[in-house]
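Asker: Supplied in structure tokens, the structure appears directly below.
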Amino acid sequence: MSDVGGVAGDRLKAFVDRIERLEEEKAALAADIREVFSEAKGVGFDVKIMRQILRLRKMDAPTREEEEHLIDVYKRALGM
């Protein structure tokens, strides 16, 4: 490819091709994750709770503790 407007066409095509491949891999991984959740649901696990646990596990301990504390405060304020 030639340069168009100062952009190297071959280089641009390589970036676009890589992004497209990664998007395909991402879609395949998302399908795999959905399958695992479906499998877990099939044996009786609550998928909504599993997603919450996964979100919490991504947090560092201080952030997680702060969030849990605030949830407790809000629940008490609402009489829950």
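Asker: With the condition kept exactly as written, say whether any residue in region 4-23 is among the basic types (Lys, Arg), without any contact (Cβ under 8 Å) to a residue 12 or more places away in the chain and touching a helix residue (DSSP H, G or I) at 6+ places or on another chain (Cβ under 8 Å). Spell out how you get there, then give the answer.
Answerer: The initial filter retains those residues of region 4-23 that are among the basic types (Lys, Arg), namely 11, 13, 18, 21.
Among the residues that remain, those that are also without any contact (Cβ under 8 Å) to a residue 12 or more places away in the chain are: 11, 18, 21.
With touching a helix residue (DSSP H, G or I) at 6+ places or on another chain (Cβ under 8 Å) added as a condition, the list becomes none.
Scanning region 4-23, I find no residue that is among the basic types (Lys, Arg), without any contact (Cβ under 8 Å) to a residue 12 or more places away in the chain and touching a helix residue (DSSP H, G or I) at 6+ places or on another chain (Cβ under 8 Å), so the answer is no.
Residues checked against (1) outside any helix (DSSP H, G or I); (2) within 18 Å of the chain's Cα centre (by Cα); (3) surrounded by 10 or more Cβ atoms within 10 Å (Cβ to Cβ):
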residue	(1), (2), (3)
14	no, no, yes
17	no, no, yes
37	no, yes, yes
45	yes, no, yes
55	no, yes, yes
67	no, no, yes
72	no, no, yes
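No value in this document is a laboratory result; all are computed from the given coordinates. Since the structure is predicted, the reported quantities are computational estimates derived from the model, not experimental observations. Neighbour counts are summed over all protein chains in view; Cβ atoms, including those assigned to glycine, are modelled from backbone coordinates with ideal geometry.
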